[in-house]
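Here is the structure we will look at.
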Amino acid sequence: MEPSTIIGLIVAAITLGVGMVMKGVAMHALLVPAAYLIIIGGTAAAIFNAFPLRDLKAFPKLLKKIFFGQKLMKEEEVMEMFLHYASIARRDGLLALESHAAEMKDPFIKKGLMMIIDGREPDFVETVLDQDIALMEERHHGFASIFSQAGGYAPTLGVLGAVVGLIAALGNLNDIEKLGHSIAAAFIATLLGIFVGYVICHPFCNKLKRMSHHEAELKKIVFAGIMSLQAGDSVSTMQDKLSVFLQAHERKIPEI
């Protein structure tokens, strides 16, 4: 579970509800089915028009990542693992890491280890790993833009919903009470559009970008570790190279 997502949604709902009550607005005023249909249905339609289906198939996975987070190793764990590998490689050679590579579940680490064990040229290994990271970031940026685009469409559709509501209100000019209710209902669509766009979609987009950045940083540590292993660096030299990826308070010497 990703606590920050849950906390953010709960705080947003409470803030909106309490704010409406403080302003004297009844909570049942939000119960306008047409507004939800226009905002949610319209935003979904716009997203389908904006993105190919192959991108939208990733939407359930993106929501899972937003609400449940990522299962990634910590930076200190990655560093400790590679320092351990460096100790083995210095003592027994790179071929001694073959069993560790075979058991590795992370495909990026496994690919990097297998390439240097197979004796690939350093330039080749560097190019492949660097391109892997770059393409991952590009792919993740494209997926995050689904929420960014939705965050732009929703408020505009809120205005569209308000216009539709005002058109309906004009049909009640002879009944002041109905006119008042119709105008109030019209602006609920604008409220929902702004809420969906700026409290949900844009923040979700930013969260996905931050998660992608974190994953890329981890891969950069792996990248540096792989190149250091191939260069035959000592444990202390590798530690100096990898510690730059850690924050100052995290730069402790792990036990090998």
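The values are calculated or read from the model by the stated rules, or taken from the named source; none is laboratory data. Every value quoted in this text rests on a predicted model; they were computed, and no experiment measured them. Note that we place each Cβ from the backbone using ideal geometry, even for glycine, and neighbour counts take in every protein chain shown. Heads up: the accessible areas ignore ligands, DNA and RNA and are worked out on the full protein's heavy atoms, side chains in. Shrake-Rupley method; radii C 1.70, N 1.55, O 1.52, S 1.80 Å.
With bins 10 Å wide beginning at 0, the percent of Cα pairs of segment 1-61 falling in each bin runs 17, 27, 38, 16, 2.
For segment 113-246, the Kirkwood hydrodynamic radius comes to 19.0 Å, computed from all pairs of different C-alpha atoms.
Hydrophobic long helices, here whole DSSP H runs in the chain with Kyte-Doolittle means of at least 1.0 and Cα atoms spread over 20 Å or more along the helix axis, are found at 3-22, 176-195.
Excluding same-chain neighbours fewer than eight residues apart, the lysines reachable from Lys111 by a Cα-Cα span under 21 Å are Lys71, Lys74, Lys219, Lys220, Lys241.
Since only Ala35, Phe51, Val244 are under comparison, the one whose Cα sits farthest along the positive direction of the charge dipole of the chain, derived from C-beta charges on Lys, Arg, Asp and Glu, is Ala35. Each Lys and Arg contributes +1 and each Asp and Glu -1, all at the Cβ; summed about the Cα centre of segment 1-77, the dipole is approximately 240 debye.
Around the Cα centre of segment 47-94, unit charges on the Cβ atoms of Lys, Arg, Asp and Glu (plus for the first two, minus for the last two) sum to a dipole of about 340 debye. Charged side chains reduced to their Cβ positions (Lys and Arg at +1, Asp and Glu at -1) give the chain a dipole of some 820 debye around its Cα centre. Once the 1.4 Å probe is applied to the protein heavy atoms, the chain comes out at 59 Å² accessible per residue.
Here the peptides 37-48, 133-144 are ranked by packing, the mean other Cβ count within 10 Å, and the order with the highest first is 37-48, 133-144.
Could you tell me which residue out of Pro122, Leu157, Asn174 lies farthest along the dipole of segment 36-180 toward its positive end? Charges go on the beta carbon: Lys and Arg +1, Asp and Glu -1, centred on the Cα centre. It is Asn174. To put it simply, the accessible area of the chain at a 1.4 Å probe is 63 percent carbon and sulfur. Scaling against 2.2 N^0.38 Å puts the C-alpha radius of gyration of segment 146-209 at 1.39.
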